[in-house]
Amino acid sequence: MDLIIVASLVIFTILIFTGVPIPFGFLVSTIFLSITKGIEPSFLLPVGFAKMNSVTLLSLPFFIATGYLVTGGSIARRLIDFVNVFVGRLSGGLGVVAVIVSCVFGAISGAAASSVIAIGTIMIPQMEKHGYPRGYSAALISSSAVLSTMIPPSLAMIMYAFVTGQSVAACFLATIGPAILLATMFSVANVFMVKKLPSVKVDPKRPFDEQMKMVGSKSRSAFGALLLPVMILGGIYGGIMTPTEAAASAVFYALGMSIFVYKEMSVGNALFQLRSSVVTTGTMMLMTFFAAILSRIYTMEQVPQQIAQLLLGVTENKIILMLMINLFLIFVGMIMDELSGILMVTPLLFPIVLKLGIHPIHFAAIIGSNLGMGMMTPPMAGILYIGARTGGVTIDKMMKPAMILIVFCSIPVILITTFWAPLSMYLPTLAGFVH
């Protein structure tokens with residue numbers, strides 16, 4: 001491979017490791033390549049602007065805003081109370097609640113960091129009251145937060161569809177199977193781990209009438225919150241709304257529920273949450289702009305083809321090659337968030353997996369599950385550090401449960417997703433997106 005290209009990748013990696021914001025990492029690599037390769041900036045800038053002119057990309061700011069509004073209001077708490085009334089009395093029930101609510105929250109915000117903050121802030125103190133160690137609770141909630149990157153409407157899948165030109169709805173469906181399998185395995189693993197925690201207590205048994213009254217009360221309280229993911233996904237798959245229209249509708253719905261129905265968010269707080277979402281959106285758009293330019297340079301220099309030749313020069317065994325790609329994706333997930341990772345690696349790996357006969361929609365599930373695991377994998381483990389800050393614990397107290405979940409849940413799901421295509425391809429095929 002061209003040494004200048006290798007140098008640009010090394011520069012980018014060093015910048016990320018030293019804490020430079022990811023958009024500037026893309027920018028510096030782009031400037032380095034344009035100077036060393038003699039590429040006119042006047043040629044590159046229109047590439048970035050043209051790529052940004054996308055209806056698919058327009059849905060991201062709306063989903064980000066929805067996530068901030070949900071995190072800042074009471075929707076997350078109502079979802080937790082609703083799930084807890086059904087499974088809270090089981091052994092390890094609160095852990096199962098954390099996993100299930102992460103799935104539901106993922107269907108609202110689509111972002112792992114938001115899920116950790118929204119759910120962890122409420123669940124960790126509650127789990128501690130029931131005897132769960134804070135380190136265990138923070139580890140479980142942080143690990144479960146990666147489900148938000150897989151449950152639609154996933155921001156990661158929107159970005160993947162944007163980069164590869166695939167159907168957003170098809171990419172959404174591709175990750176549902178792996179997400180359900182991962183959530184199930186997290187829940188089962190939690191039940192077994194809790195058996196070794198004698199301090200854990202369950203809610204006392206209530207009379208049947210009282211339990212039914214509580215079910216009714218919590219169901220009414222959470223009804224509006226539960227309608228939000230139904231509206232988003234039902235609108236998209238019912239053909240009523242495009243993903244962008246569903247995202248915009250979700251913002252207005254979350255605003256209305258938080259301010260006027262639940263009346264637990266002030267107008268000032270809503271404006272603060274929206275301003276925060278604008279900052280996040282601006283950072284994301286800047287990153288997307290520079291990543292689009294960098295991707296075009298790599299394409300011009302035939303970097304994907306060179307990487308393909310390099311891998312195929314090592315072995316032509318499809319299984320080994322896919323394992324190598326999985327390891328690379330996990331590493332990328334360790335050093336950057338899911339959106340940055342997709343912008344970085346998808347243009348490089350996409351031509352390779354097509355040569356290996358992997359369907360683009362199948363690869364969406366592979367890349368989503370791998371980057372999610374990378375976010376919870378030490379030593380970087382970005383999502384675990386967010387969980388540690390949210391739970392007020394040190395990262396070392398989270399490592400043992402996190403590693404158990406990685407080894408016995410995440411790795412098996414990644415392998416099944418990679419080598420058993422029906423897990424991710426059944427729903428897109430059933431819906432007519434794949435023929």
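Quickly run through the stretch 90-105 and pick out the residues that are small (Gly, Ala, Ser) and assigned to a helix (DSSP H, G or I). Across the stretch 90-105, the qualifying residues are 93, 95, 98, 102.
Would you check if residue 320 is of a type in the set (Val, Ile, Thr) and part of a helix (DSSP H, G or I)? Quick ask: steps written out before the conclusion?
Numbers: of a type in the set (Val, Ile, Thr): yes; part of a helix (DSSP H, G or I): yes.
Against the criterion (of a type in the set (Val, Ile, Thr) and part of a helix (DSSP H, G or I)), residue 320 qualifies.
Write out, first by first residue and then by second, each pair whose Cβ atoms fall under 8 Å of each other, whose residues are 6+ apart or on separate chains, and whose first residue, in the stretch 315-327, is modelled with pLDDT under 90 while the second is surrounded by 11 or more Cβ atoms within 10 Å (Cβ to Cβ). Listed pairs, sorted by first residue: 315/321.
Of all residue pairs spaced 6 or more apart or on separate chains, those with beta-carbon atoms under 7 Å, a first member in the stretch 178-190 that is over 18 Å from residue 400 (Cβ atoms) and of a type outside the set (D, E, K, R) and a second member that is at pLDDT below 95 and outside any helix (DSSP H, G or I) are 178/150; 179/150; 179/151. Pairing residues of the stretch 129-141 that are over 18 Å from residue 100 (Cβ atoms) and small (Gly, Ala, Ser) with residues that are assigned to a loop (DSSP other than H, G, I, E, B) and at pLDDT below 95, at Cβ distances under 6 Å and at least 6 apart in sequence or on separate chains, gives 131/199; 131/200; 131/201; 135/393.
Taking the numbered list (1) buried (at least 17 other Cβ atoms within 10 Å of the Cβ); (2) assigned to a loop (DSSP other than H, G, I, E, B) in turn, residue 240 passes all entries but (1). Considering only the stretch 43-60, I want to know if a residue exists there that is polar (S, T, N, Q), surrounded by 21 or more Cβ atoms within 10 Å (Cβ to Cβ) and assigned to a helix (DSSP H, G or I). Checked the stretch 43-60: at least one residue is polar (S, T, N, Q), surrounded by 21 or more Cβ atoms within 10 Å (Cβ to Cβ) and assigned to a helix (DSSP H, G or I).
Here's the yes/no breakdown for (1) touching a strand residue (DSSP E or B) at 6+ places or on another chain (Cβ under 8 Å); (2) closer than 24 Å to residue 140 by Cα; (3) at pLDDT 80 or above:
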site	(1), (2), (3)
46	no, no, yes
54	no, no, no
60	no, no, yes
65	no, no, yes
76	no, yes, no
85	no, yes, yes
88	no, yes, no
94	no, yes, yes
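Restricting 108, 39, 64 to those that are in a loop (DSSP other than H, G, I, E, B), closer than 18 Å to residue 250 by Cβ and in contact (Cβ under 8 Å) with a residue 12 or more places away in the chain reduces the list to 108.
When restricted to residues that are within 21 Å of residue 220 (Cα to Cα) and part of a helix (DSSP H, G or I), the stretch 253-290 contains 9.
Can you name every residue in the stretch 291-307 that is of a type in the set (S, T, N, Q), in a helix (DSSP H, G or I) and out of contact with any Leu (no Cβ under 8 Å at 6 or more places or on another chain)? Of everything in the stretch 291-307, those that are of a type in the set (S, T, N, Q), in a helix (DSSP H, G or I) and out of contact with any Leu (no Cβ under 8 Å at 6 or more places or on another chain) turn out to be 299, 305, 306. Only one of the numbered conditions (1) surrounded by fewer than 18 Cβ atoms within 10 Å (Cβ to Cβ); (2) more than 14 Å from residue 146 (Cα to Cα) is not met by residue 358, and that is (1). Among the residues of the stretch 120-134, those that are in a helix (DSSP H, G or I) and either in contact with a Ser or Thr (Cβ under 6 Å, 6 or more places away or on another chain) or surrounded by fewer than 22 Cβ atoms within 10 Å (Cβ to Cβ) (or both) comprise 120, 121, 122, 124, 125, 126, 127, 128, 129, 134.
Cβ separations smaller than 6 Å between residues 6+ apart or across chains give the following pairs from the stretch 289-304 residues that are polar (S, T, N, Q) to residues that are assigned to a helix (DSSP H, G or I): 295/347.
Determine if the stretch 201-224 includes at least one residue that is within 17 Å of the chain's Cα centre (by Cα) and buried (at least 18 other Cβ atoms within 10 Å of the Cβ). Taking every residue of the stretch 201-224 in turn, none turns out to be within 17 Å of the chain's Cα centre (by Cα) and buried (at least 18 other Cβ atoms within 10 Å of the Cβ).
In the stretch 372-388, the count of residues that are surrounded by fewer than 21 Cβ atoms within 10 Å (Cβ to Cβ), modelled with pLDDT under 90 and under 22 Å from residue 163 (Cβ atoms) is one or more.
Evaluated against (1) more than 12 Å from the chain's Cα centre (by Cα); (2) touching a residue at least 24 places away in the same chain (Cβ under 8 Å), residue 165 falls short on exactly one condition, (2).
Let's see how each residue does on (1) surrounded by fewer than 20 Cβ atoms within 10 Å (Cβ to Cβ); (2) more than 28 Å from the chain's Cα centre (by Cα); (3) not aliphatic (A, V, I, L, M):
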site: 273; (1), (2), (3): no, no, yes
site: 276; (1), (2), (3): yes, no, yes
site: 279; (1), (2), (3): yes, no, no
site: 286; (1), (2), (3): yes, no, no
site: 290; (1), (2), (3): no, no, yes
site: 299; (1), (2), (3): yes, no, yes
site: 302; (1), (2), (3): yes, yes, yes
site: 308; (1), (2), (3): no, no, no
site: 314; (1), (2), (3): yes, yes, no
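The values are calculated or read from the model by the stated rules, or taken from the named source; none is laboratory data. Every value quoted in this text rests on a predicted model; they were computed, and no experiment measured them. Every residue, glycine among them, receives a Cβ derived from its backbone with ideal geometry; neighbour counts consider all protein chains shown.
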